[in-house]
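Below you'll find the structure, written out as structure tokens, and then a few comments.
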Amino acid sequence: MRRTIITSFIIVTNLFGSVVAQESGERERGPRTEQSEASGIFSLIPTDSTTEHVFKSPAGDVPYTATAGRLDLFGQDGKRTAKVFYAAYSAKNGGADRPLTFAFNGGPGAASAYLHLGLVGPKILEFGTSGDDGTRPVLQDNPQSWLAFTDLVLIDPVGTGWSRAANDDAAKGFYGVRQDAESLAKVISLYVQKNNRLQSPKYLLGESYGGFRAAKVALALKNTQGILPAGIIMLSPLIEGKFLANSDDPLSAALQFPSLAAAELERRQDFTAEKLSEAERFAMTDYLVALAGAPPHGPDADAFYERVSTWTGIPREAVERARGFVGDIYAKQMAGAGKVVSPYDAAYAVPDAYPEDPYTRNDDPILEGYTRAYGAAFNSYARNELGFASEMTYSLLNEDINRRWEWNGSRGGDSRALASASTDIRDLLSVIPSFKLMIAHGYSDALTPYGASRYVLDHLPPELSKGRVDLKVYRGGHMFYTKADSRRSFAADVRRFYGTEDR
């Protein structure tokens with residue numbers, strides 16, 4: 001991976017009309033206003049806005065309240081350290097047992113607009129007929145919105161979206177694995193108490209690093225806030241850092257291999273689950289053994305390198321030079337001369353901006369391409385539909401956060417390779433008997449490949465995982481939800497996960 005950010009989400013990365021509820025109980029057009037706060041960065045964050053809408057789901061109308069607002073965090077000295085932006089959607093007359101889902105993206109440094117306008121909210125951002133045109137994005141109703149079966153709270157961690165720390169020194173208290181989890185657990189607790197949602201089953205949804213984050217937040221909720229989550233949905237998650245772009249490790253390479261094979265099958269318009277299962281068997285048998293042992297020679301080498309080339313589309317000569325470790329070369333080799341593919345979806349290729357270079361220098365065509373439109377689209381949506389008009393830039397991807405992130409606590413150093421959420425998953429499954437986990441991936445995501453998550457789940461104790469853990473894989477890449485068919489299938493699977501099929 002050339003970039004350190006993992007969004008879409010890289011991160012672990014949508015809604016409507018406006019009648020505003022005022023404190024007096026009266027209703028009138030326009031957002032609720034309050035006295036502006038003191039000067040400084042916080043003065044640019046508007047006061048909360050509450051509006052009324054109707055979600056037109058396939059099963060019928062769902063009237064709901066939308067709140068675009070912020071929650072304050074304070075330090076031990078009583079001084080405000082941050083304001084955290086959130087957007088919440090609550091169905092009218094949903095009942096005390098209606099699920100409540102808290103969602104965030106990853107990065108670290110990604111705002112929640114990806115999940116918000118890309119997957120769960122009542123509005124969806126479409127990228128033209130080709131699915132990758134960010135120059136003329138269209139915001140429209142989302143018939144697969146999760147609002148049909150759960151209330152939603154989408155949170156922008158400090159430094160992303162419209163969430164801000166009081167100053168740079170205060171920001172340091174949020175940019176790290178532990179600090180981030182504790183602050184988001186506090187935000188969730190504040191929302192639950194403020195809105196009297198203690199009885200609601202509470203779920204966490206996180207994308208990419210957000211999946212890793214969700215496990216950490218779940219433990220922080222339990223240990224520091226006394227809130228036990230009912231379940232987690234991890235979307236294209238980082239779970240074990242040691243499997244992330246560790247291109248010279250045989251096991252990491254084998255776990256990534258099926259995603260590269262899926263991308264090649266998509267390019268040839270020959271994708272089937274049955275054909276991909278052959279690549280999965282090859283990856284964990286002959287491929288893994290060949291990479292872990294001495295280099296093959298003679299006819300064995302010819303046969304091995306030819307099979308790798310056939311499955312991935314990478315020229316045989318390039319495969320042989322790399323000794324079968326294709327993690328560093330696939331981006332410039334898979335789609336043919338003059339093309340480069342995205343690790344976020346290895347089936348997606350664009351012209352290479354630097355064809356003369358042996359390694360890719362290209363901006364990522366998905367992360368740096370059409371998905372950037374989520375930022376301006378959410379700004380417009382919040383202003384025009386939610387009554388939340390900020391003069392502050394909505395920070396979709398804050399790469400400074402990613403550079404400053406503390407992976408290793410106070411010990412220093414960039415130790416993302418040591419990052420692990422497997423033990424957190426085990427602990428949650430062990431001590432919360434009703435806790436459930438769902439992990440979802442796109443087949444052709446080479447950044448956080450589905451093979452790595454399958455490996456983690458396969459190595460859970462059966463007593464913990466049986467009937468409570470599920471892995472779902474869909475056509476597409478890291479943000480497979482940008483494909484309508486995959487988004488539709490995922491929403492149906494999530495609804496079953498929540499146990500609300502009949503609602």
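The values are calculated or read from the model by the stated rules, or taken from the named source; none is laboratory data. Note that this is a predicted model, so its numbers are computed, not measured. Because the Cβ atoms are built from the backbone with ideal geometry, glycine has one as well, and the counts that use them run over all protein chains shown. With ligands, DNA and RNA removed, areas are computed over all heavy atoms of the protein, side chains included. Shrake-Rupley method; radii C 1.70, N 1.55, O 1.52, S 1.80 Å.
What to note about this one:
- Reported value for segment 280-402: 160 Å³ per residue, from the convex hull of its C-alpha atoms.
- Overall form of segment 124-199 per C-alpha gyration tensor (a/c, 1.5; a/b vs b/c): oblate
- The length gained on full extension between residue 470 and residue 488, counted as 0.36 nm times the residue separation minus their Cα-Cα distance, comes to 4.7 nm.
- Put simply, the Cα atoms of the chain extend 83, 50, 48 Å along their principal axes, the longest span coming first.
- Cα-based Kirkwood hydrodynamic radius, segment 40-160, one decimal, Å: 16.0
- Ordering of 440-446, 177-183, 86-92, 233-239 by packing is 233-239, 440-446, 86-92, 177-183, highest average first (other Cβ atoms within 10 Å, averaged per residue).
- Relative to the 2.2 N^0.38 Å rule of thumb, segment 210-308 has a C-alpha radius of gyration ratio of 1.49.
- Of the peptides 77-85, 477-485, 428-436, the ranking by mean beta-carbon count within 10 Å, highest at the top, reads 477-485, 77-85, 428-436.
- Candidate cross-link partners of residue 172 among the lysines, defined by an alpha-carbon separation under 28 Å and a same-chain spacing of 8 or more, comprise 79, 83, 186, 194, 216, 222, 242.
- Convex hull volume of the C-alpha atoms in segment 359-503, normalised per residue: 208 Å³.
- Solvent-accessible area of residue 74, all protein chains in place: 120 Å² (probe radius 1.4 Å, heavy atoms, ligands and nucleic acids excluded).
- Structure-based [θ]222 nm, the chain - -39500 (n - 2.57) summed over DSSP H runs of at least 4, per residue, nearest 500: -8500 deg cm²/dmol
- Nearest-0.05 FRET efficiency for residue 297 and residue 223, computed from C-beta distance (R0 45 Å): 0.25
- In terms of its alpha-carbon gyration tensor, segment 174-226 comes out prolate; a/c meets the 1.5 threshold, and the first ratio a/b outweighs b/c.
- Ligands, DNA and RNA excluded, the heavy atoms of residue 304 present near 20 Å² of accessible surface to a 1.4 Å solvent probe.
- Extension gain, residue 459 to residue 383, is 22.7 nm, computed as 0.36 nm per intervening residue step minus the present C-alpha separation.
- Per-peptide packing, taken as the mean over residues of other Cβ atoms within 10 Å, places 488-499, 131-142, 331-342 in the sequence 331-342, 488-499, 131-142 from highest down.
- The listed residues 276, 219, 418 rank as 418, 219, 276 when sorted by accessible area, largest first, using a 1.4 Å probe.
- DSSP beta bridges in the chain [antiparallel fraction, %, rounded to 5]: 60
- Quotient of C-alpha Rg and 2.2 N^0.38 Å, computed over segment 442-503: 1.26
- Here the extension length gained between residue 357 and residue 268 equals 29.4 nm, from 0.36 nm per residue of separation less the Cα-Cα distance.
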